[in-house]
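Below is one structure, written out as structure tokens; comments come after it.
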Amino acid sequence: MIGLRQQLVMTLILMPITFALWIAAAGLLAGPAAWLAGFILEQMYAGIVASAALNDTLFIVSVEFGNVNGKIVTATEAGHELVFEVNTQLLSYSIPFYAALLWSSKLQNPANRFALGLFALWFTMALGLIAIVMKDLMLVVGAPFLAAPGIPPGAAIALLYQFSVLLAPTLLPVLLWLTQLQGTPLWTALQQRLIRDPAA
Amino acid sequence: MLVMTKFLIIFLATLLTLFSVEMLTPVQHGVIQPFTTSLATLSSLLILPFDDGVISQGRILRDVATGFAVSIESGCNGVEAAIVLIAGVLAFPARWQQKLIAIALGFIAIQALNILRIVSLFYLGQWNYTVFEWTHLYFWPVLIMIDVLVVFAIYLKWLASVEPKALTS
């Protein structure tokens, strides 16, 4: 285990490598999250979402609404489905950041830890993709979408969207990395400081 | 393990509370947007000695000659990063005076890097839009979060030096 300063320098050194790998395999890395998001959307909101699939790095969602002369109607009435495209890289850049943090820590069994972390990131990325799709539907379709059964209030969608895009991709890798430091000298030092609470 | 769990719970609760408050319309109108406007003004003031073709209009930074402009939006004003730092500092045990110093200095450190982000993006956008997009969407958010980590690490080191027995053993 190395000190936090060296750790952060190593993270910065590794980032160009992990980001380059991520650029090369961005579609592949987004796959599990896109599949999960699509599965949840198609199962939970079958009356709204017609299909959801990943095309390279774009998560493409067709919905059961259409637009006729600026008016939102059902897809059947419109004769077409509205299609939304979400850039999965807006969320998946958490993966190379997490990889750089983890691999610069010289932890035991880094591959196992990385695999566990990756599953956690895919899960949160899926929630993020759902939040983005819901935000798009709220803005484009509006009232007919919000009135559909099982749709959360607009304020909750807005908050989840902002959290998923603005905070989660950079914060979750740090939190995952922090929890995976368990048993290391840095973790022990932090724990001792927490136990010795000067404010108490 | 229990104390770490307690730290994480307090951290996440504080984070979500502050983040939700930040998103409230009155807070956006009364605090966040004026603050973001001041960031654009400060950025243009810092650029002006080197490039007199830059003006700021509200949250927009514009190059008069080319017409290129960047608008500073939510996520680009460093407020979310500051919220992460504030939540971390508040969740970590220390005296209130120490916490307030850390929050004040940490906020300045985050905003200093954020202004560098705004200025760099303003020129990168005029040079190459693809590079601007990648830097804006993926590179700078990570660097800002690392800045938060560095500030927090310096804070922990400072706490240890103030109370030497705290982090040694």
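Condition (residue is in a loop (DSSP other than H, G, I, E, B), more than 10 Å from chain A (Cβ to nearest Cβ) and either more than 15 Å from the chain's Cα centre (by Cα) or not charged (D, E, K, R) (or both)) applied to the range B:18-39: is it met by at least one residue? Looking for residues that are in a loop (DSSP other than H, G, I, E, B), more than 10 Å from chain A (Cβ to nearest Cβ) and either more than 15 Å from the chain's Cα centre (by Cα) or not charged (D, E, K, R) (or both), one finds none in the range B:18-39, hence no. Here is the figure for the range A:1-56: residues that are within 30 Å of B:L156 (Cβ to Cβ), open to solvent by 80 Å² or more (accessible area, probe 1.4 Å) and not aliphatic (A, V, I, L, M) total 3. Comparison of B:N114, B:N128, B:N77 shows that the only residue that is under 18 Å from B:I32 (Cβ atoms) and either open to solvent by 50 Å² or more (accessible area, probe 1.4 Å) or in contact with a Ser or Thr (Cβ under 7 Å, 6 or more places away or on another chain) (or both) is B:N77.
Contact map, the range A:184-200: first residue open to solvent by 20 Å² or more (accessible area, probe 1.4 Å), second residue part of a helix (DSSP H, G or I) and at pLDDT below 75, Cβ cut-off under 9 Å, separation 6 or more or different chains; pairs are A:L186/A:L4.
All of (1) of a type outside the set (F, W, Y); (2) open to solvent by 50 Å² or more (accessible area, probe 1.4 Å); (3) farther than 30 Å from A:L194 by Cβ hold for B:R95 with one exception: (3). In the range B:14-49, what residues are open to solvent by 40 Å² or more (accessible area, probe 1.4 Å) and among the aromatic types (F, W, Y)? Hit for the range B:14-49 is B:F35, nothing else. Determine, yes or no, whether A:A46 is outside any helix (DSSP H, G or I), in contact with a Gly (Cβ under 8 Å, 6 or more places away or on another chain) and within 18 Å of A:I151 (Cβ to Cβ). For A:A46, the condition - outside any helix (DSSP H, G or I), in contact with a Gly (Cβ under 8 Å, 6 or more places away or on another chain) and within 18 Å of A:I151 (Cβ to Cβ) - is not met. Just to verify a result, which residue in the range A:73-119, among those that are open to solvent by 80 Å² or more (accessible area, probe 1.4 Å) and out of contact with any strand residue (DSSP E or B) (no Cβ under 7 Å at 6 or more places or on another chain), is nearest to A:L12 (Cα to Cα)? So, considering only residues that are open to solvent by 80 Å² or more (accessible area, probe 1.4 Å) and out of contact with any strand residue (DSSP E or B) (no Cβ under 7 Å at 6 or more places or on another chain), the one nearest to A:L12 (Cα to Cα) is A:W103.
Of all the residues in the range A:64-110, those that are free of Cβ contacts under 8 Å to residues at least 24 places away in the same chain and under 30 Å from A:Q182 (Cα atoms) number 3.
Quick grid of which residues meet (1) of a type in the set (A, V, I, L, M, F, W, C); (2) at pLDDT 95 or above; (3) more than 18 Å from A:L171 (Cβ to Cβ):
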| site | (1), (2), (3) |
| --- | --- |
| B:G67 | no, no, yes |
| B:Y129 | no, no, yes |
| B:A153 | yes, no, no |
| B:V162 | yes, no, yes |
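Considering the range A:135-164 alone, what residues qualify as being in contact with a Leu (Cβ under 8 Å, 6 or more places away or on another chain), open to solvent by less than 30 Å² (accessible area, probe 1.4 Å) and β-branched (V, I, T)? Once the filter is applied, which keeps residues that are in contact with a Leu (Cβ under 8 Å, 6 or more places away or on another chain), open to solvent by less than 30 Å² (accessible area, probe 1.4 Å) and β-branched (V, I, T), the range A:135-164 yields only A:V141. Scanning the range A:54-79 for residues that are outside any strand (DSSP E or B) and closer than 14 Å to A:V141 by Cα gives A:E64, A:N69, A:G70, A:A75, A:A78.
The values are calculated or read from the model by the stated rules, or taken from the named source; none is laboratory data. None of these values were measured; they are calculated from a predicted model. Glycine also receives a Cβ, built like all others from the backbone with ideal geometry; neighbour counts cover every protein chain displayed. Areas reflect the complete protein model, heavy atoms only, side chains present, ligands, DNA and RNA absent. Shrake-Rupley method; radii C 1.70, N 1.55, O 1.52, S 1.80 Å.
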